[in-house]
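Remarks on the structure that follows.
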Amino acid sequence: MSSSSFSWFKFNRTLHRDVGYFCVGLTIIFAISGIAVNHIHDWNPNYDIKRTVKMLEPTQWHTLDDAVLNAQLVRQANISQPVKSGYWSSPQEYKVFLKDGANLTLNSANSELIIEQITPRYVLKAFNKLHLNEAHKAWVFFSDIYAALLLFLACSSLFMVKGRNSPWRKKSVWLISGIILPIIFILI
């Protein structure tokens, strides 16, 4: 066999390597956002929400005009953001929404003020937007191409190694495990 003859094995390895290099950045983004989205019930991956409770002096809250009440609660919360809106959500709960997304909740029965300040997690939010296909339609098309490339990487990896360490011999336990594990989770 001459050195200039075509080798499918070598071609597969080269293509696998180059496609793999191309997919590294995308895989990192999808992996990080996938972990974040998987735990969405445990924390908010898009925003850091800081919650503070402050006890205020008892006041006749219902006697105050909404504009006065809004201003007083914003001042008590020590926040400089403008008020977006405020309203009584129940006879004992008044809510104030601020322009930056923060909100204040007053419990008029015990004069407790709950302050929720929201800070975007810019990088994670961007990753999640891509992962959940909330971006442009072109991204959906690109995501499909990425998925096809991952399929290629998975299939071409089966032909990367020859001999006793190939997935068709001793190492087949890894191949079979990777197929059986998702099936188990589907069935339970």
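Number of residues in the range 121-151 that are more than 11 Å from the chain's Cα centre (by Cα) and either loosely packed, with under 14 Cβ neighbours inside 10 Å or part of a helix (DSSP H, G or I) (or both): the value is 18.
Of all residues in the range 130-144, those satisfying the criterion of being at negative phi and free of Cβ contacts under 8 Å to residues at least 24 places away in the same chain are Glu134, Ala135, His136, Lys137, Ala138, Trp139, Val140, Phe141, Phe142, Ser143, Asp144. Restricting to the range 84-124, name every residue that is in contact (Cβ under 8 Å) with a residue 24 or more places away in the chain and among the hydroxyl-bearing types (Ser, Thr, Tyr). Within the range 84-124, Tyr94, Ser108, Ser111, Thr119 qualify.
From the list Phe152, Phe127, which one is of a type in the set (Phe, Trp, Tyr), over 26 Å from Thr14 (Cα atoms) and in contact (Cβ under 8 Å) with a residue 40 or more places away in the chain? First the steps, then the outcome.
Numbers: Phe152 fails: over 26 Å from Thr14 (Cα atoms).
From the options Phe152, Phe127, the qualifying one is Phe127.
One residue stands out among those in the range 48-96 that are hydroxyl-bearing (Ser, Thr, Tyr), open to solvent by 70 Å² or more (accessible area, probe 1.4 Å) and outside any helix (DSSP H, G or I): the one that is modelled with the highest pLDDT, which is Tyr87. Being touching a helix residue (DSSP H, G or I) at 6+ places or on another chain (Cβ under 8 Å) and either surrounded by fewer than 14 Cβ atoms within 10 Å (Cβ to Cβ) or under 14 Å from Lys54 (Cα atoms) (or both) is the filter here; which residues of the range 97-119 pass it? The answer is Leu104, Leu106, Ser108, Ser111, Leu113, Ile115.
The values are calculated or read from the model by the stated rules, or taken from the named source; none is laboratory data. Being a predicted model, the structure only gives us computed values, none of them experimental. With ideal geometry, Cβ positions are generated from the backbone for all residues, glycine too; neighbour counts draw on all protein chains shown. Surface areas here come from the heavy atoms of the whole protein model, side chains and all, with no ligands, DNA or RNA. Shrake-Rupley method; radii C 1.70, N 1.55, O 1.52, S 1.80 Å.
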